[in-house]
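Inspection log for the structure reproduced underneath, given as structure tokens.
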Amino acid sequence: MLFPDYRPRRMRRNEAFRRMIRETRLSTDDLILPLFVVGGKGVRNPIPSMPGQYQLSVDNLVKTAREAGERDIPAILIFGLPDKKDPLGTGAYAKDGIIQKALRELKNRLPGMMVITDVCLCEYTDHGHCGLLGEGDGILNDASLPRLAETAVSHARAGADVVAPSAMMDGQVAAIRSALDEAGFQGTPVMSYSAKYASAWYGPFRDAADGAPSSGDRTSHQMDPGNAREASLEHQADVAEGADILMVKPGLAYLDVLARTRDEFPAHPLAVYNVSGEYAMVKAGAGQGWIDERSVVLETLLAFRRAGADIILTYHALDAAAWLASGPTSS
Ligand SMILES: [Zn+2]
């Protein structure tokens with residue numbers, strides 16, 4: 001009787017073998033927890049489409065950030081919800097803006113926690129667009145760059161460790177890099193949302209950050225979901241402009257783009273954003289008892305690592321860190 005020479009099952013027969021030959025591992029070191037900050041005190045507003053996630057006032061933000069630190073999560077990413085919005089998004093770069101206040105408090109209370117800030121105007125403009133609006137509905141690319149740069153500098157001044165431009169304006173990384181350098185923040189890295197797609201998976205985030213555009217959508221600046229080759233151009237441009245970390249967003253529906261980015265940019269740190277809709281889907285399925293949340297989350301996060309991500313921005317970070325600390329599952 002003929003048998004195959006290669007029997008892959010030999011190396012799978014128990015966990016010791018599987019551990020020995022496992023190619024990819026997930027660690028708490030890989031995780032960044034995104035958080036939403038609002039004005040007021042003692043505020044902890046649940047976000048209905050993202051069970052377990054909240055809009056937090058600065059005092060509660062500090063508490064959650066401390067919890068993240070206790071679970072060994074190295075960094076948080078913060079999004080601000082200002083009390084007031086205007087056409088120019090001035091709250092994004094105001095000295096006493098919500099993010100600036102949060103940064104000062106976080107750096108004061110938790111100096112060891114790395115704080116990354118989202119740099120965009122859409123949460124601060126009354127029209128909800130990522131840049132300034134011109135005649136008609138068009139977003140003015142070049143006129144928005146100084147506002148984005150000013151936002152990044154004001155974050156650095158308030159203590160941001162890393163700034164993360166997400167507006168998808170052409171030239172934004174260069175504008176931010178040169179403004180940071182001029183202001184004396186040569187040491188502040190830029191994590192660029194370099195390949196950010198116009199995606200339906202951001203739906204629940206719009207609840208969380210109150211950032212839906214009042215008219216139109218984001219298809220004139222975010223990438224078309226059909227395009228993978230174009231992501232190479234976006235990354236290339238941001239590398240040339242001085243990006244320190246590249247990103248693919250969303251994650252699950254774009255694993256091919258992530259893997260391709262890893263191949264094409266082997267040396268750059270690469271992040272992936274496990275977005276709100278991906279989180280909501282898992283929470284909904286687990287809430288119904290249809291999937292096992294822990295196994296699904298850990299498998300998904302591992303898949304991002306396997307596809308090439310060094311860094312995973314995920315709302316599951318607090319849970320995942322606790323699960324990773326409690327040891328391997330038996331499944
Ligand atoms: Zn935006």
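What accessible area per residue comes out for segment 92-149, rounded to a whole number of Å², with a 1.4 Å probe?
On the way: 2350 Å² over 58 residues.
Here the per-residue accessible area is 41 Å².
Quick check of the Kirkwood formula: for the chain, what is the inverse mean of 1/r over all pairs of different Cα atoms, in Å?
By the Kirkwood definition, the hydrodynamic radius is 20.5 Å.
In Å², and per residue, what accessible area does segment 1-81 have when probed at 1.4 Å with the other protein chains present?
Working: 4960 Å² over 81 residues.
Per-residue accessible area for segment 1-81 comes out at 61 Å².
Given a Förster distance of 25 angstrom, what is the FRET efficiency for ALA228 paired with MET281, based on the Cβ-Cβ distance and rounded to 0.05? If you can, show how the numbers build up before the last one.
Values: r = 23 Å, r/R0 = 0.90.
Using R0 = 25 Å, I get an efficiency of 0.65.
Show that you can apply the helix-only estimate: for the chain, add -39,500 (n - 2.57) for every DSSP H stretch of four or more residues, divide by all residues, and state [θ] at 222 nm to the nearest 500. Kindly include the intermediate steps, with their values, before the conclusion.
Values: 11 runs with 127 residues, N = 331.
Rounded to the nearest 500, the figure is -12000 deg cm²/dmol.
Taking 37 °C and 0.692 mPa s as the conditions, I'd like the Stokes-Einstein D for segment 146-188 in µm²/s, using the Kirkwood hydrodynamic radius from alpha carbon pairs. Walk me through the numbers on the way to the answer.
Values: Rh = 10.0 Å.
So the translational diffusion coefficient is about 327 µm²/s.
Any idea how far apart ALA240 and ALA183 come out in nm if each label point goes 7 Å out from Cα toward Cβ?
Distance between label points: 2.6 nm.
Run the paramagnetic zone check for ARG109: 7 angstrom along Cα to Cβ, then residues of segment 6-47 with backbone nitrogen under 13 Å.
Once the point is set 7 Å along Cα→Cβ of ARG109, 37-38, 40-44 turn out to lie under 13 Å by backbone N, inside segment 6-47.
Classify segment 1-78 as rounded, prolate or oblate from the Cα gyration tensor: take a ≥ b ≥ c as the square roots of its eigenvalues, call it rounded if a/c is under 1.5, otherwise prolate when a/b beats b/c and oblate if not. Each step should come with its number before you reach the end.
Values: a/c = 5.28, a/b = 3.30, b/c = 1.60.
Prolate shape, in that a/c is at least 1.5 and a/b is the bigger ratio.
Output the relative contact order of the chain, whole-number percent, from Cα pairs under 8 angstrom with separation of 6+ residues. Before the final figure, lay out the partial values.
On the way: 629 pairs, mean separation 58.2, N = 331.
Computed value for the chain: 18 percent relative contact order.
I need to check one value: relative contact order of segment 258-321, counting alpha carbon pairs closer than 8 Å and at least 6 residues apart, in percent. All intermediate terms of the calculation are to be shown ahead of the outcome.
Values: 57 pairs, mean separation 32.8, N = 64.
Value for segment 258-321: 51 percent.
Work out the P(r) tail for segment 1-150: percent of alpha carbon pairs separated by more than 29 Å, whole number.
Numbers: 4364 of 11175 pairs.
When every Cα pair of segment 1-150 is considered, 39 percent fall beyond 29 Å.
Using amide H atoms built 1.01 Å from N in the peptide plane, name the residues 5+ places from GLN55, or on other chains, whose amide H lies under 5 Å from its own.
ASN45, ILE47
Given a 1.4 Å probe and every protein chain left where it sits, what share in percent of the accessible area of the chain is carbon and sulfur?
On the way: 7840 of 15250 Å².
Of the solvent-accessible surface of the chain, carbon and sulfur hold 51 percent.
At most 14 other Cβ atoms within 10 Å plus a DSSP loop assignment makes a site exposed; report the longest stretch of the chain without any exposed GluC sites (Glu not before Pro).
136-331
Quote the FRET efficiency, to the nearest 0.05, computed for GLN288 versus GLU67 with a Förster distance R0 of 25 Å and r equal to the Cβ-Cβ distance. Don't skip to the end; give the middle numbers.
Working: r = 27 Å, r/R0 = 1.09.
Computed FRET efficiency for GLN288 and GLU67 comes out at 0.35.
The values are calculated or read from the model by the stated rules, or taken from the named source; none is laboratory data. Because the structure is predicted, anything quoted here is derived from the model rather than measured. Here Cβ is always computed from backbone atoms with ideal geometry, including for glycine, and neighbour counts include all displayed protein chains. Accessible surface is based on the protein model in full, side chains and every heavy atom, while ligands, DNA and RNA are left aside. Shrake-Rupley method; radii C 1.70, N 1.55, O 1.52, S 1.80 Å.
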